[in-house]
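The structure appears below as structure tokens.
The values are calculated or read from the model by the stated rules, or taken from the named source; none is laboratory data. Being a predicted model, the structure only gives us computed values, none of them experimental. With ideal geometry, Cβ positions are generated from the backbone for all residues, glycine too; neighbour counts draw on all protein chains shown. For accessibility, only protein heavy atoms count, side chains too; no ligands or nucleic acids. Shrake-Rupley method; radii C 1.70, N 1.55, O 1.52, S 1.80 Å.
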Amino acid sequence: MTQTSDILIVGGGLNGPVLALALAQTGHSVTVVDALPQDTRAAANFDGRGYALALASQRMLAQIGLWNALAEHAQPMNEIKVTDGQVGQGPSPFFLHFDHSEIETGPMGYMVEDRYLRRALLSALEKNENITVLNERRVVAQTTSLDHVEVTLDTGDTLQARLLIGADGRRSGTAQRAGIKRTGWDYNQTALVCAIEHELPHQGIAHQFFMPAGPLAILPLTGNRASIVWSEHSQTAQDIQALDDAGYLNALRPRFGDFLGGIKLAGDRFTYPLGLTVANSFVAQRIALVGDAAHGMHPIAGQGLNAGLRDVAALAEVVTEATRRGEDLGSPLVLDRYQQWRRFDTATLVAATDVFNKLFSNNNPLLRLGRDLGMGLVNAMPGVRRNFMREAAGLTGDLPKLLRGQAI
């Protein structure tokens, strides 16, 4: 059996379904191939994972019809506090403080739990007549020609489309089969990820605490809960992850502090090895990459998903405009527009996260003094501080229409 659609997306995580909805909204027929069962994606239990959505990303989700299902579960991030210090010694007196009231655009972003975002996506996909989702299917081969791309599934079925999108993660099979190489390195850091309940209200404030081994992000969830992304040297992280819950909390407390009162775990615990990986090209013949398939970066600025959604918004706009002009949406000229749009922005962001991680994840006294003074200086300059806030909210650069809250 061969099934044909305008666009074929491999990867049913987050970026793939969002792209499917954006493209279907403009009249394209889309097929999404997902290796996981739908029940796994739709699980209703809270497992501790959450995402920091920049304000621009929230506007995009609203534009494609998802935000109504998410709004009641979303926690606005009204302030961000960035500090430097050491375990058990508290933060440096020099810090950065971002307050959303200074940019007059609403919250700088929102925290949304994984379970709510995935279920909203699944529901929207099911309701859209332009989208076909194939769950528990894997692509085992792909071929491209002058006018179409064809993939073979593990069932033996084949799918044809005019454009193939790889949204299948850092080890993208789509990129590998297309011969796209990657550049990157390991940080010898691992992120410990969990959620906690705390006694005192967080007031919608996100915290980033830089320590010699790596940053600790404390991101507010609804209620008296927070999402934790805690970077450590990989061996230390493995040792901490191997502890029971009580031991894990005992390791977290001196890093976390007591500013939110007592804490306890809420949900599961995860670890993710940290590294930098960038595809040497975001496109190949009738193929484009988005999200982690195109670029994976350190979570130091919480921009991983937001960078992927920028890819999605740009690609959806490029493809839709090409279709309206009567162009072949999978042609090299069309795909090159997408690559040119996203390549520089991605390179800048990846370089910034890499430099910040190397600058802050160390205990060099001269570097510590320099970065502390630098944070204090930026904090004392309102104009510069507002620019940083607009960057955090995703409001800078050449934004695609969806990220401005506009229809394509």
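Select from Gly383, Gly65, Gly48 the residue whose mean-square fluctuation is largest in a Gaussian network model of the chain (Cα-Cα springs shorter than 10 Å). Answer for the Gaussian network model of the chain: Gly383.
State to the nearest 20 debye the size of the charge dipole of the chain about its Cα centre, where the only charges are +1 on K and R beta carbons and -1 on D and E beta carbons.
Working: 36 positive and 41 negative charges, 126 e Å.
Dipole of the chain, to the nearest 20 debye: 600 debye.
Each residue of the stretch 224-229 is assigned a 3J(HN,Hα), and the resulting list reads 8, 9, 8, 8, 10, 10 Hz, derived from the Karplus form 6.51 cos²θ - 1.76 cosθ + 1.60 (θ = phi - 60°), x at Gly and Pro. Largest mean-square fluctuation among Val149, Val87, Val355, in a Gaussian network model of the chain whose springs join Cα atoms under 10 Å apart, belongs to Val355. What the Cβ-Cβ distance of Thr2 and Ala69 gives, at R0 = 25 Å and to the nearest 0.05, is a FRET efficiency of 0.15. Using the Karplus relation 6.51 cos²θ - 1.76 cosθ + 1.60 with θ = phi - 60°, the per-residue 3J(HN,Hα) values for the stretch 314-319 come to 5, 5, 4, 5, 4, 5 Hz, with x marking Gly and Pro.
Dividing the Cα radius of gyration of the stretch 89-210 by 2.2 N^0.38 Å, with N the residue count, gives 1.62. Using heavy atoms of the protein chains and a probe of 1.4 Å, the accessible area assigned to Phe360 is about 10 Å².
For the stretch 3-79, a crude dipole built from +1 on the beta carbon of Lys and Arg and -1 on the beta carbon of Asp and Glu, taken about the Cα centre, is about 100 debye to the nearest 20.
Taken along the Cα-to-beta-carbon direction at a fixed 7 Å, the label points for Gln285 and Thr152 span 1.7 nm.
Each residue of the stretch 246-251 is assigned a 3J(HN,Hα), and the resulting list reads 5, x, 4, 5, 5, 6 Hz, derived from the Karplus form 6.51 cos²θ - 1.76 cosθ + 1.60 (θ = phi - 60°), x at Gly and Pro.
Determine the percent antiparallel among the DSSP beta bridges restricted to the chain, to the nearest 5. Percentage antiparallel, nearest 5: 70. Cβ-Cβ distance of Thr236 and Asp398, R₀ of 51 Å, FRET efficiency by 1/(1 + (r/R0)^6): the value works out to about 0.80. Computed over protein heavy atoms with a 1.4 Å probe, the carbon and sulfur contribution to the accessible area of the stretch 48-207 reaches 45%. Just checking the listed ones, Ser231, Ser172, Ser123: in the Gaussian network model of the chain with Cα springs under 10 Å, the one fluctuating most is Ser123. Per residue, the accessible area of the chain comes to 42 Å² when a 1.4 Å probe rolls over the protein heavy atoms.
Compute the Cα gyration tensor for the stretch 323-386, then decide on rounded, prolate or oblate, letting a ≥ b ≥ c be the square roots of its eigenvalues: rounded whenever a/c is under 1.5, prolate when a/b is larger than b/c in the other cases, and oblate in all that remain.
On the way: a/c = 7.65, a/b = 2.59, b/c = 2.95.
Oblate shape, in that a/c is at least 1.5 and b/c is the bigger or equal ratio.
Of the whole protein surface, Asp345 contributes about 50 Å² of accessible area at a 1.4 Å probe radius.
Dipole of the chain computed with +1 at Lys/Arg Cβ and -1 at Asp/Glu Cβ about the Cα centre; of Ser123, Met381, Ala316, farthest Cα towards the positive end is Met381.
Express the Stokes-Einstein translational diffusion coefficient of the stretch 1-132 in µm² s⁻¹, to the nearest whole number, given a Kirkwood radius over alpha-carbon pairs, 20 °C and a viscosity of 1.002 mPa s. Using the Kirkwood radius from Cα pairs, D works out to 126 µm²/s. Normalised by the number of residues in the chain, the average gap of Cα pairs under 8 Å and 6 or more apart makes the relative contact order 22 percent.
Using every Cα-Cα pair within the chain, state what percent have a distance larger than 31 Å.
Numbers: 31622 of 83028 pairs.
I get 38 percent for the Cα pairs in the chain exceeding 31 Å.
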